[in-house]
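Visitor: Got a structure for you, written out below as structure tokens; questions coming shortly.
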Amino acid sequence: MKRLSLTPKTAFYGLLGALGIVLLGVGFMLNWANGQLQVQAESIAEKRIESETLERQTAQAQLYKQELEELGELTDVVDAVLPNSKSQENIVGELIDIAAKRGLQLENISFGGSADAQNPETSQTERVDGLAGVFSLVVQTQIETDYENVLQFLEDLENNRRQFEVTSLSIAPREDGVNFTATLAITTYIKP
């Protein structure tokens, strides 16, 4: 058996080889660690995007919840304020009473919209966008009086229990130079 002799030169090359193996191992480990870090970085980026998406969805859900609460309150108000039947006679009666309090007489009362014999409760009405089950009904009429009474009549309509909205107003002077003819389109709302 031959004995190996360890010379400084052999030891140098041996240590140099060991150092090369260690450096290759360190390089391999750094490359593997870098790959793991990239996988984790991609995973974190995906989680961040998911988190931001969830935050946006949560904020949107909060807005929807708030709108739903407001609409719930609005629905309660609509149910409490709006009549549940069209009753054109009642609408005309209320308008005549409002005018009579000012000493006015309504002329040429008519309803807009088209007739629907199949559903008389919503005949001559139109659906109101954004409010389920609420319909509008347009009443057209005229009054002849002085300008101050026209303004007072409009204020009385505004302060009436039933919701009347003047959607069109035309005022023309009469031949006597004192009075005016006011032509109005008044919208009222129902929830049959």
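The values are calculated or read from the model by the stated rules, or taken from the named source; none is laboratory data. Please read these numbers as outputs of a predicted model, since none were measured by experiment. Neighbour counts run over all protein chains shown; Cβ positions are idealised from the backbone, glycine included.
Visitor: Identify all residues within segment 161-186 that are in contact with a Leu (Cβ under 9 Å, 6 or more places away or on another chain), of a type outside the set (D, E, K, R) and modelled with pLDDT under 85; write none if there are none. Before the answer, list the steps.
Guide: Here is the first cut: in segment 161-186, the ones in contact with a Leu (Cβ under 9 Å, 6 or more places away or on another chain) are 162-170, 182-186.
Imposing the further condition that a residue be of a type outside the set (D, E, K, R) reduces the set to 163-164, 166-170, 182-186.
Across segment 161-186, the qualifying residues are Gln163, Phe164.
Visitor: Would you pick out the residues in segment 126-182 that are buried (at least 16 other Cβ atoms within 10 Å of the Cβ) and part of a loop (DSSP other than H, G, I, E, B)?
Guide: Across segment 126-182, the qualifying residues are Val128, Leu131, Val134, Arg162, Gln163, Asn179.
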